[in-house]
Amino acid sequence: MKKKRIIPILLLKNGWLVQSKEFSRFQNLGNPVTSVKRISEWAADELIYLDISRDNSYDLRRDDLGHPNRHTIFEILDDVSKMANMPITVGGGIKTLNDIQKRLAKGADKVAINTAALANLNFVTNSAKEFGSQCIVISIDVKLFDNVYAVMSHYGQKRTQYDPVTWAKLVEKSGAGELLLNSIDRDGMKTGYDIQLLNSVVSAVSIPVIACGGVGEWSHFAEALEKTKVDAIAAANIFQYSDQSVYLAKKYLYEHSFPVRPPDLMLI
């Protein structure tokens, strides 16, 4: 049986690792590289690294020897790639083919594209042709309006004309290799995934779908694997507040007979 992936998401905002809640409230968690090292040691299957900075200001306000300051996303990615022993998807600020090339050159295995795809669907096609569909992940941020799902752009701030099923089909047809499906309403709320949203998209496409948004306990991962056919389960905040969190999540799912890779005690 194909194994389901467990994927931590790290959110970077102006040089800092942050916790997000409903895409509008952010709490500083510290150094953006240290967590990569821990997650790698805990044997995560993959890592998604999303830059949600609204401008190009990156300043950790640290210049000491142990924590060198970094002033661009590419300097940070240099550090991240040295720490990571798993595939990395990098997203945020991607608007051109050159933007993709630069991130791949810094160690990314895949890129996540959001607003640029919504602005120009041909960008998905051209990106897939240039780098291969397996490299192109389309990040889909979804919000409910009077019980109607809408795809959002610009860091979840602007409503688009698309519903998630229609948009998912369009980007799949245009060459996307994978989808990252995120519920804005569930983000940081610890109430579990939006199962209805996940099922609606998974049943409409044949490419892999990564579930995101709302995990507050390990059983929420189990619920998504039990009630949907997602290919991977992802989360951000829950992996930041306990030691060995990825290992513990994998251990919980493995012991409950879900098709995940066994926890690797050698790395603990």
Check: Scanning the stretch 1-44 for residues that are of a type in the set (S, T, N, Q) and surrounded by fewer than 19 Cβ atoms within 10 Å (Cβ to Cβ), which turns out modelled with the highest pLDDT?
Finding: T34
Check: Can you name the strands (runs of 3 or more DSSP E) wholly within the stretch 128-213 that have at least 1 residues being within 18 Å of T89 (Cα to Cα)?
Finding: 136-145, 178-183, 209-212
Note to self: I'd like the residue in the stretch 135-173 that is among the polar types (S, T, N, Q) and closer than 13 Å to I113 by Cα and, out of all such residues, is modelled with the lowest pLDDT.
What the structure shows: S153
Next item on the list: Run E226 past the list (1) outside any loop (DSSP other than H, G, I, E, B); (2) over 19 Å from the mean Cα position of the chain (by Cα); (3) farther than 24 Å from K3 by Cα and report the number of the one that doesn't hold.
Entry: (3)
Item checked: Breaking point among (1) part of a loop (DSSP other than H, G, I, E, B); (2) modelled with pLDDT of 95 or more, for G216 -> (2)
Note to self: I'm trying to understand the selection: among the residues of the stretch 102-118, which are assigned to a helix (DSSP H, G or I), surrounded by fewer than 22 Cβ atoms within 10 Å (Cβ to Cβ) and touching a residue at least 24 places away in the same chain (Cβ under 8 Å)?
What the structure shows: K102, L104, T115
Checklist line | Hits in the stretch 229-256 (condition: in a strand (DSSP E or B) and either modelled with pLDDT under 95 or more than 20 Å from D187 (Cβ to Cβ) (or both)) | finding: A235
Checklist line | Selection count, the stretch 57-91, where residues are under 25 Å from N114 (Cβ atoms), assigned to a loop (DSSP other than H, G, I, E, B), modelled with pLDDT of 80 or more and not aliphatic (A, V, I, L, M) | finding: 1
Checklist line | Positions within the stretch 119-162 being under 16 Å from L97 (Cβ atoms) and buried (at least 23 other Cβ atoms within 10 Å of the Cβ), in sequence order | finding: V124, S127, I136, V137, I138
Next item on the list: Would you please name the residue that is modelled with the lowest pLDDT, looking only at residues in the stretch 45-56 that are closer than 18 Å to A234 by Cβ and part of a loop (DSSP other than H, G, I, E, B)?
Entry: I52
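The values are calculated or read from the model by the stated rules, or taken from the named source; none is laboratory data. The model shown is predicted, which means the values in this text are computed figures rather than measured ones. For neighbour counting, all protein chains shown are included, and Cβ atoms are generated from backbone atoms with ideal geometry for every residue, glycine included.
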